[in-house]
Amino acid sequence: MAKKRSFRKPLTGRVALVAGATRGAGRGIARALGEAGATIYCTGRSGKGKPSPYLRPEPIDETAAIIKAAGGTAIALRVDHTSENGVKALFRRILRAHKRIDIVVDSVAGEDPLMGQYGFLWQADLKTADAIFRQGLTSRIITAKHAALAMMPAKRGLVVEVTENDIIGGGGNPMSQAVKMAQKVLPLLWAAELAPHGVAVIAMTPGFLRSESMLQHLGVTEDNWRDAGKKDPNFLQSESPLFVGRAVAALAADPKVQDRTGMLFSSWELARDYGFTDYDGRRPDWGRHKIDFSVLPPAWIDLFRTGADLEVQWLTTLAARTRKFRAKIPS
């Protein structure tokens with residue numbers, strides 16, 4: 001009789017919270033952590049019959065159902081992460097049930113329905129700016145605060161902030177730019193604060209993500225997604241949400257994850273390091289992909305070129321200043 005194939009589940013016994021697990025990267029991360037054996041708390045604002053401002057059909061309960069159907073353990077909870085009382089109650093509930101929390105991943109977004117439109121600084125509609133910052137940034141700070149409080153006594157834990165793009169620059173409008181940049185830089189600052197407590201903090205970005213909304217936008221499904229390559233050849237290098245999820249799972253299973261704290265990583269870089277693949281066996285690598293810029297307006301290409309040149313200059317100058325400052329600090 002052939003031996004039954006066994007699958008390694010390196011996160012068995014661990015407890016994880018994925019905030020913003022309703023769809024997209026958040027759902028993929030929740031699935032991958034469940035696949036690796038962790039108990040997953042999936043939170044979001046969309047319940048059955050109660051859609052979020054995105055008006056998408058996916059409820060948070062569906063994410064938990066997918067994990068359970070694959071043999072994992074998941075609990076779906078409707079939580080508004082802009083409410084500190086609600087987030088505090090969430091962590092109390094997890095700690096009461098399990099006496100531990102090992103992984104907190106924050107993929108909460110929600111700023112897009114509030115933005116109005118993409119555009120330059122001088123075109124920005126600022127009427128919803130405060131709401132955008134509360135939804136996309138304040139909610140992240142609230143969740144990270146209570147994750148830290150829950151993890152510090154145990155002297156271990158991993159906090160992951162899911163963002164967009166593996167460089168500082170970002171698009172959208174001034175509010176979106178501020179939110180995305182903060183999601184990359186705050187983990188660097190938090191990592192320094194939490195290092196003495198054994199808690200690692202990492203920023204993570206997927207590549208060209210085949211989220212539910214992107215598939216709908218391009219008029220395809222996950223079954224025939226390659227057809228969208230006729231509209232945008234870059235989409236052929238896209239990744240499913242499970243791919244970035246497996247990146248997070250690989251970090252969480254790494255006993256030396258503290259060596260990576262404070263850094264901004266991409267799914268494709270970690271796939272090179274840890275050797276995982278997407279669900280179909282592919283290993284998409286956006287970092288090595290030669291982008292076809294012909295699908296973009298010339299004004300955008302000019303903006304990307306100028307922005308990249310300035311960012312290189314800015315980072316080089318900042319690195320030199322930081323080295324000088326570090327040399328003054330007693331070893």
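The values are calculated or read from the model by the stated rules, or taken from the named source; none is laboratory data. Just so you know, these numbers come straight off a predicted model, no measurement behind them. Every residue, glycine among them, receives a Cβ derived from its backbone with ideal geometry; neighbour counts consider all protein chains shown. Ligands, DNA and RNA are excluded from the accessible area calculation, which covers all protein heavy atoms including side chains. Shrake-Rupley method; radii C 1.70, N 1.55, O 1.52, S 1.80 Å.
Structure values in brief
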read-out: Potential extension, residue 216-residue 192 segment - 0.36 nm per residue separation minus Cα distance; value: 4.6 nm
read-out: Share of carbon and sulfur in the accessible heavy-atom surface of the chain [1.4 Å probe, %]; value: 57
read-out: Peptides ranked, highest mean first, by Cβ atoms within 10 Å: ranges 175-186, 92-103; value: 175-186, 92-103
read-out: Positive-pole candidate from 122, 221, 297, dipole of the chain, charges at beta carbon; value: 221
read-out: Correct option for Rg/Rh (Cα atoms, Kirkwood Rh) [calculated from the coordinates] among (i) 0.96; (ii) 0.94; (iii) 1.09; value: (i)
read-out: Lys, Arg +1 and Asp, Glu -1 on Cβ, resulting dipole of the chain about Cα centre, debye, nearest 20; value: 1440
read-out: Modelled label reach - residue 122, point 7 Å along Cα→Cβ, segment 167-186 residues with backbone N closer than 17 Å; value: 173-174
read-out: Helix-only mean residue ellipticity at 222 nm for the chain, each DSSP H run of n ≥ 4 adding -39500 (n - 2.57), per residue, nearest 500; value: -13000 deg cm²/dmol
read-out: Packing-based order for 320-326, 59-65, using average beta carbon neighbours within 10 Å, highest first; value: 59-65, 320-326
read-out: Extension gain from residue 69 to residue 277, taking 0.36 nm per residue of separation minus the Cα-Cα distance; value: 72.8 nm
read-out: Local net charge near residue 271, Cβ-Cβ under 15 Å (Lys/Arg +1, Asp/Glu -1); value: -2
read-out: Length-normalised contact order of the chain in % [C-alpha pairs under 8 Å, at least 6 apart]; value: 16
read-out: Computed lengthening from residue 95 to residue 303, 0.36 nm per intervening residue step minus Cα-Cα distance; value: 70.2 nm
read-out: Within the chain, percent of DSSP bridges classed antiparallel, to nearest 5; value: 5
read-out: Charge dipole of the chain about the Cα centre (unit charges at C-beta), most positive-ward option of 209, 42, 266; value: 42
read-out: Net charge dipole size for segment 224-314 [Lys, Arg +1 and Asp, Glu -1 on Cβ; Debye, nearest 20]; value: 220
